[in-house]
Amino acid sequence: VQLQASGGGLVQAGGSLRLSCSASGNIDSINIMGWYRQAPGEAREYVGSVTGIGETTYAEFAKGRFTIQRDTAENTMYLQMTSLKAEDTGVYYCNANAGRPSTTWYWGQGTLVTVSS
């Protein structure tokens, strides 16, 4: 499975941005897909995830501001971010759990989001 994240950029505080994660390869074996982020000098942290049937889970900071959607027809996952804050700045990564019978975690290359205050 190969993952390609895109959509990052510079946005003002209070603004919105939508990230995309395009999957290719053995996509039929993908179970959960998710987003993580890493701020400068910080550890990578969980943002949220979505199952194959669209069930979503979010980190506390993402609830009410971020929305994850998965378009299985387009093999793409989206992260819609609203009311962005300076502390949302970082590199955003997508990942996917895939494989049968055993699974492996795959990671995309990351896309940079910069929120100016």
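The values are calculated or read from the model by the stated rules, or taken from the named source; none is laboratory data. Being a predicted model, the structure only gives us computed values, none of them experimental. Protein only, heavy atoms only, side chains kept; ligands, DNA and RNA dropped before computing areas. Shrake-Rupley method; radii C 1.70, N 1.55, O 1.52, S 1.80 Å.
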For the chain, modelled as a Gaussian network with Cα springs under 10 Å, which listed residue fluctuates most, R65, R100, R18?
R100
For the chain, built as a Gaussian network whose Cα springs stay under 10 Å, the top-fluctuating residue of S16, S24, S102:
S102
For N26, other-chain or 5+-apart residues with amide H closer than 5 Å (H placed, Pro excluded) are Q2
Please report the carbon-and-sulfur percent of the accessible area for the chain; probe 1.4 Å, protein heavy atoms only, DNA, RNA and ligands left out.
47
Quick one: what are the phi-derived ³J(HN,Hα) couplings along the stretch 39-48, Karplus 6.51/-1.76/1.60 with θ = phi - 60°, whole Hz, x for glycine and proline?
7, x, x, 10, 6, 5, 10, 6, 9, x
Could you tell me what percent of the DSSP beta bridges with both partners in the chain are antiparallel, to the nearest 5?
90
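Gain in length, S24 to S116, computed as 0.36 nm per residue apart minus the alpha-carbon separation, to one decimal in nm?
On the way: separation 92, 0.36 × 92 = 33.12 nm, distance 3.29 nm.
Net length gain for the segment: 29.8 nm.
Pairs of alpha-carbon atoms within less than 8 angstrom and 6+ residues apart define the contacts here; what relative contact order does the chain have, in percent?
On the way: 288 pairs, mean separation 43.1, N = 117.
About 37 percent, as a whole number.
How much area per residue is accessible in the chain when the probe is 1.4 Å and only protein heavy atoms are counted (Å²)? Intermediate values should be presented prior to the final figure.
Numbers: 6080 Å² over 117 residues.
Per residue, the chain has 52 Å² of solvent-accessible surface.
Sorted by accessible area with a 1.4 angstrom probe, largest first, how do E74, E45 fall? Can you show the working numbers first?
On the way: E74 115, E45 75 Å².
Largest accessible area first, the residues go E74, E45.
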